[in-house]
Structure formats: C-alpha cells, structure tokens
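> Pasting a structure here, questions to come.
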Amino acid sequence: MDAFLVIVIVTSFALLVTSHVALVAGLAWRRPRLRGLVALLVPPAAPYFGVRERMWVRSILWALSLVVYLSFTRLLDIAL
C-alpha cells in the first residue's frame, strides 16, 4: 500500500511540474509575455492565466495533478 501511495505521489508531482512548465512556456509565447514570468514566479497564477488564454487542458491538468498530489501526501501522512 505504501509503495502505491509513493508511486502516485511521485507521478502526480511529475505531472504537476510538467504541466506547470508547459503553461509557463505557452504563456511566454503569447502577449503580454510578462504573464509567463509571473506564472513562473507565482505558481498559482499559471492555471489562472492559462484559463484566460484558453489553455484548458494544461490548466485542468495542472489543477487535477495538484489535487491528487496534495490528497495522496495527506493519505501517506495518515498511513505512517
């Protein structure tokens, strides 16, 4: 059970980082480019700006992976 929790946590964190980088890169290519920098420095701004720029899949993937990561880290804390 612990191995499953660790695998889900690592996978969801990797997906969160990947989707964050994809959002920042997408925002950096669009105007105003300052949004890409803000999203890089303030992570919760990334899905907000992503939705405003109609990057639906990246933003939803970012939010879902964050929810999975936080919920499973909480489960791991309870299990230990």
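> Counting only residues that are part of a helix (DSSP H, G or I) and either within 20 Å of SER71 (Cβ to Cβ) or open to solvent by 80 Å² or more (accessible area, probe 1.4 Å) (or both), how many does segment 1-45 have? It would help to see each step written out before you state the result.
If we filter segment 1-45 for residues that are part of a helix (DSSP H, G or I), which is where we start, we get 2-29, 34-41, 45.
After this cut, where a residue has to be either within 20 Å of SER71 (Cβ to Cβ) or open to solvent by 80 Å² or more (accessible area, probe 1.4 Å) (or both) as well, the list is 2-21, 29, 34, 37, 40-41.
Count: 25.
> Name the one entry in LEU15, LEU41 that is of a type outside the set (Gly, Ala, Ser) and touching a Leu at 6+ places or on another chain (Cβ under 9 Å).
On the way: LEU41 fails: touching a Leu at 6+ places or on another chain (Cβ under 9 Å).
The unique qualifying residue is LEU15.
> Something else about it: For segment 50-67, state whether one or more residues are over 17 Å from the mean Cα position of the chain (by Cα) and surrounded by 12 or more Cβ atoms within 10 Å (Cβ to Cβ). Show your work before the answer.
Of the residues in segment 50-67, the ones over 17 Å from the mean Cα position of the chain (by Cα) are none.
Scanning segment 50-67 turns up no residue that is over 17 Å from the mean Cα position of the chain (by Cα) and surrounded by 12 or more Cβ atoms within 10 Å (Cβ to Cβ).
> Counting only residues that are hydrophobic (A, V, I, L, M, F, W, C) and part of a loop (DSSP other than H, G, I, E, B), which one in segment 46-80 is modelled with the highest pLDDT? Show your work before the answer.
Initial filter on segment 46-80 (hydrophobic (A, V, I, L, M, F, W, C)): 46, 49, 51, 55-57, 60-64, 66-68, 70, 72, 75-76, 78-80.
Applying the additional criterion that residues be part of a loop (DSSP other than H, G, I, E, B) yields 55, 80.
Numbers: MET55: 98, LEU80: 74.
Filtering first and then ranking leaves MET55.
> A follow-up question, please. Listed residues TRP62, TRP29; which is hydrophobic (A, V, I, L, M, F, W, C), in contact with a Pro (Cβ under 7 Å, 6 or more places away or on another chain) and farther than 26 Å from MET1 by Cβ? Can you show your working first?
Details: TRP29 fails: in contact with a Pro (Cβ under 7 Å, 6 or more places away or on another chain).
The conditions single out TRP62.
The values are calculated or read from the model by the stated rules, or taken from the named source; none is laboratory data. Everything numeric here is computed off the predicted structure, so don't read it as measured data. Methodologically, a virtual Cβ is constructed for each residue, glycine included, from the backbone with ideal geometry; neighbour enumeration extends over all protein chains shown. Remember, those area values only see protein heavy atoms, side chains included, never the ligands or the DNA or RNA. Shrake-Rupley method; radii C 1.70, N 1.55, O 1.52, S 1.80 Å.
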